[in-house]
Amino acid sequence: MNKVLTGKIGEKVLLLGNEAIVRGALESGIGLASTYPGTPSSEIGETYADIAKEAGIYFEYSTNEKVALEVASGAALSGVRSMCFFKHFGLNVACDSLFPLAYAGVKAGMVIIIADDPQGWSSGQSEEDTRPFARIAHLPMLEPSDAQECKDFVKKAYELSEKFQLPFLVRTTTRVNHMRSIVKLGDIVKGKTKGKFIKDIAFRNFPPYVVETHEELHKKLDKLKEISEKSNMNFVSKGKGSLGIIVTGVSYNYVMDAMDDLKINLPVLKIGFTYPLPDELIKNFIKKFKKVLVVEELEPIVENHVKMLAKETNFKLKVLGKGYLSSAGEYNEERILNALSQITGKKYEFDLIAHKKKYLKIKEPKRIPILCPGCPHRSTFYAAKAATKGMDIVYAGDVGCYILGIFKPFETQDFIFSMGASEGIGHGIRKTTDQKVICFLGDSTFFHSGMPPMINTVFNKSNPLIIIMDNRITAMTGHQPNPGTGKNALGEECKEISIDNIVKAFGVEEVRVIDPYNVNLMISTIRELVEKDKVSVIIAKRECQLLIARKKKAEGIKTAKFEIDPNVCKRCGTCLRELACPAIHEESGVFKIDKNICAGCAVCAQVCPNKAIHAVKEE
Amino acid sequence: MKEFNIIVAGVGGQGALTLATIIAEAAMKEGYDVRTTELHGLAQRGGSIPIHIRFGEKMYTPLVLEGEADLIIALEPLEALRTTYFGSKNHKTIFLIDNYKIPPITVSAFGEKYPTNDEIISHIKPFSNKTIIIDASKIVEKETGSILSSNIFILGYALSKGLIPIKEKFILEAIKENVPEKYFELNKKVFDLGKKQS
């Protein structure tokens, strides 16, 4: 049983930030939670999926973040406390409904968790800082710095959200989501799971009311500013010196440790209630200093605000921040030590830069992330490359495990923008160049935002070849079910929606469903369809190999293994070079398949020009 | 004890995360404040998985400061190399490495060279007081038919050599809570094997 659910009041448990967020919601009497999976927020969903039934709450994986937000909004408008969560890019998708939600207001507490990912550990497309969205959406924002705060801030957010009838944003960053620290638990509260939608003119978001509600929204924020001023989520830790530090989020931890290592104890204002910012508290803090250092990851948002406040209260104050610290990349203690050393003149006894230089000389081989053994995407990429050899072709990329096609030997992701963008951009390229385009996107991405751009290619007479890499699951984020899986977040059987039927209904005339393990059929079909003057679609359909392996293990079914016959093998290396399969390796010129790793997909056996690879005979 | 810093490094699927969770929970049982950090998602697909564990009186940062690791446990030799800069002679860092090589694709397909054990030891030397390479996976595979519990073997070894300042009973409690019930006896056996390893 999950300790997030079983932990008793007063008990201290070690929780992941993401688990603590769920506990905070359970202690607040939540009735509904919704999401579209995205790391670093994924484990919030995994935790809900694990406990929802037992906790008596409703949880779903929605088709995308905008839908998820709308689902949670429906609950909150009907008087049921709800939570919606996604990664930073998910907020971009959800915004269109988020802004009017702020105007409409909610009848029960609603909390939206936004997980930013500085350093792009799980998100390559941009180092987005979502904090400006609080300002645009007119919504309050809290930023916890450890797992205890994750739980406590969520609880506080529900209380205030309900009081002010306004959804609350709780913004985390990867190191908060994926930090384990000790959490003292409170009591779980059984909340409402059924409410009633009571019609309210405020929900209608129509002029002229919208002007009135906009006005009211600002009044709410003014009142929330007063709450922020007095909130214990913002606090000053006493210290000495003419330099003060203002810090938000996870960086608080780095600042505290860096000061300890430099043997200094400067006054620190830690801000957890980051929108609206507590102006009076900040002004009081900064008036006694000559210099303050603002420490916040990514953009200088608090820094610029402090600069503005300094003009009113301490115009000689030097506000330091970016310049000593970067707007790019995540922070760590090393970066804070470096900034504090430069500003205070105190030296850390150990030369970190020289130390790192010694390491950089080692140059050990990189371990790039790689498609799993037996991954059906491997053979799709191989076939696409083989079929288009020598052609002037653009490989349109998208977001999912197949992002790994960016690496050698495939290099089949010429651009990666956002969910579903392979088709939209691919179509634009087709319209303005003479180059062929193949778009690669997954099943979950298709349901998320791949449908409108596909319709657009039919509507506007375009002709990219679209390959839907349908592995029956949302694999990259940890195997969450999607509308094609036939199961929902609660593990219940549900309608398995046919991608094939959808694509045909859109008016695509050439639709082929192919098992990607059938390499020759994939190659010949791609060759045929890429030349068509109308849009065509291949659904490369095969379940994620990790799932198949798990099922086989549970049912005690043996996997066929393959081996290379050293007497037939001409040591050309095609298998290894073209497929980059983790199971294949070379030992002093001899190519071998590691039976512990081989998934039995037989793709290498089809690719081998000398027919040297075959299934191992049963003993 | 003010603080103790451990890094557990491995490749996705080796059980690095379970090992780290066991150590962290045992440290909590011992009465320490604990912080750890790990990464999920993209990096897990056959990528490197370094996990930081810090425990002591009062902890803030979950990340180990470069040069300040007390112990680096690597379930794969290359992964030890990748984390060398978290160790230092200054800090008397000990490297404990399972001699179980998983060549990355850059080696197996694209011509880069996997360093020999001698090269690995000489690379680590400037960052460490002591490097221990043991055949954990090989021994565990021989004894149990699978390498799966080699992480627990290493834990038993580290504990018996006094490399982790936590009492055995707390470690055993944490193992019990973090491995499936039906595999506890097997893991206990492997743990004891690790303890006996010289």
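The values are calculated or read from the model by the stated rules, or taken from the named source; none is laboratory data. All values derive from a computational prediction rather than experimental measurement. Methodologically, a virtual Cβ is constructed for each residue, glycine included, from the backbone with ideal geometry; neighbour enumeration extends over all protein chains shown.
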Name the residue, out of A:225, A:199, A:194, A:219, that is modelled with pLDDT of 95 or more, exposed (fewer than 12 other Cβ atoms within 10 Å of the Cβ) and within 21 Å of residue A:276 (Cβ to Cβ).
A:219
Counted residues in the stretch A:273-332 being assigned to a helix (DSSP H, G or I) and among the hydrophobic types (A, V, I, L, M, F, W, C) come to 10
Sole miss for residue A:552 among (1) surrounded by 15 or more Cβ atoms within 10 Å (Cβ to Cβ); (2) touching a Ser or Thr at 6+ places or on another chain (Cβ under 7 Å); (3) basic (Lys, Arg) is condition (1)
Residues being out of contact with any Leu (no Cβ under 6 Å at 6 or more places or on another chain) and surrounded by fewer than 24 Cβ atoms within 10 Å (Cβ to Cβ): count how many of those fall in the stretch B:66-76.
3
Within the stretch B:26-49, identify whether any single residue is out of contact with any Gly (no Cβ under 6 Å at 6 or more places or on another chain), facing another protein chain (nearest Cβ under 8 Å) and within 28 Å of residue B:142 (Cβ to Cβ), and answer yes or no.
yes
Residue count, the stretch B:96-144, condition closer than 21 Å to residue B:194 by Cβ, surrounded by fewer than 17 Cβ atoms within 10 Å (Cβ to Cβ) and within 12 Å of another protein chain (Cβ to nearest Cβ), comes to 1
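Residue-wise test of (1) closer than 25 Å to residue A:549 by Cα; (2) touching a Lys or Arg at 6+ places or on another chain (Cβ under 7 Å); (3) facing chain B (nearest Cβ under 8 Å).
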| position | (1), (2), (3) |
| --- | --- |
| A:358 | no, no, yes |
| A:362 | no, no, yes |
| A:366 | no, no, yes |
| A:375 | yes, no, no |
| A:384 | no, no, no |
| A:396 | no, no, no |
Which residue is surrounded by the most Cβ atoms within 10 Å (Cβ to Cβ), if the candidates are limited to the stretch A:155-173 and must be touching a Ser or Thr at 6+ places or on another chain (Cβ under 7 Å) and closer than 24 Å to residue B:61 by Cα?
A:171
Enumerated strands (runs of 3 or more DSSP E) restricted to the stretch A:165-249, each holding at least 3 residues that are more than 14 Å from residue A:104 (Cβ to Cβ) and under 29 Å from the mean Cα position of the chain (by Cα)
A:168-173, A:179-184, A:243-248
Since residue A:254 meets every condition but one in (1) touching a residue at least 60 places away in the same chain (Cβ under 8 Å); (2) of a type outside the set (D, E, K, R); (3) in contact with an Asp or Glu (Cβ under 9 Å, 6 or more places away or on another chain); (4) more than 14 Å from chain B (Cβ to nearest Cβ), which condition does it not meet?
(4)
Among (1) surrounded by fewer than 20 Cβ atoms within 10 Å (Cβ to Cβ); (2) assigned to a helix (DSSP H, G or I); (3) not basic (Lys, Arg), the one test that residue A:258 misses
(1)
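To keep it simple, each residue is scored yes or no on (1) in contact with a strand residue (DSSP E or B) (Cβ under 7 Å, 6 or more places away or on another chain); (2) within 22 Å of residue A:52 (Cα to Cα); (3) within 14 Å of chain B (Cβ to nearest Cβ); (4) without any contact (Cβ under 8 Å) to a residue 12 or more places away in the chain.
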residue	(1), (2), (3), (4)
A:441	yes, no, no, no
A:447	no, no, no, no
A:467	yes, no, no, no
A:474	yes, yes, yes, no
A:493	yes, yes, no, yes
A:509	no, no, no, no
A:513	yes, no, no, no
A:522	yes, no, no, no
Grab the helices (runs of 4 or more DSSP H) fully contained in the stretch A:55-163, keeping just those with 2 or more residues being in contact (Cβ under 8 Å) with a residue 40 or more places away in the chain and under 28 Å from residue A:297 (Cα atoms).
A:88-104, A:131-137
Looking at A:213, A:248 in this structure, which one is among the hydroxyl-bearing types (Ser, Thr, Tyr), in contact with a Gly (Cβ under 9 Å, 6 or more places away or on another chain), outside the structural domain of residue A:174 (by TED's automatic domain parsing) and surrounded by 12 or more Cβ atoms within 10 Å (Cβ to Cβ)?
A:248
Hey, any hits in the stretch A:350-362 for a residue that's in contact with a Pro (Cβ under 9 Å, 6 or more places away or on another chain), aromatic (Phe, Trp, Tyr) and outside any helix (DSSP H, G or I)?
no
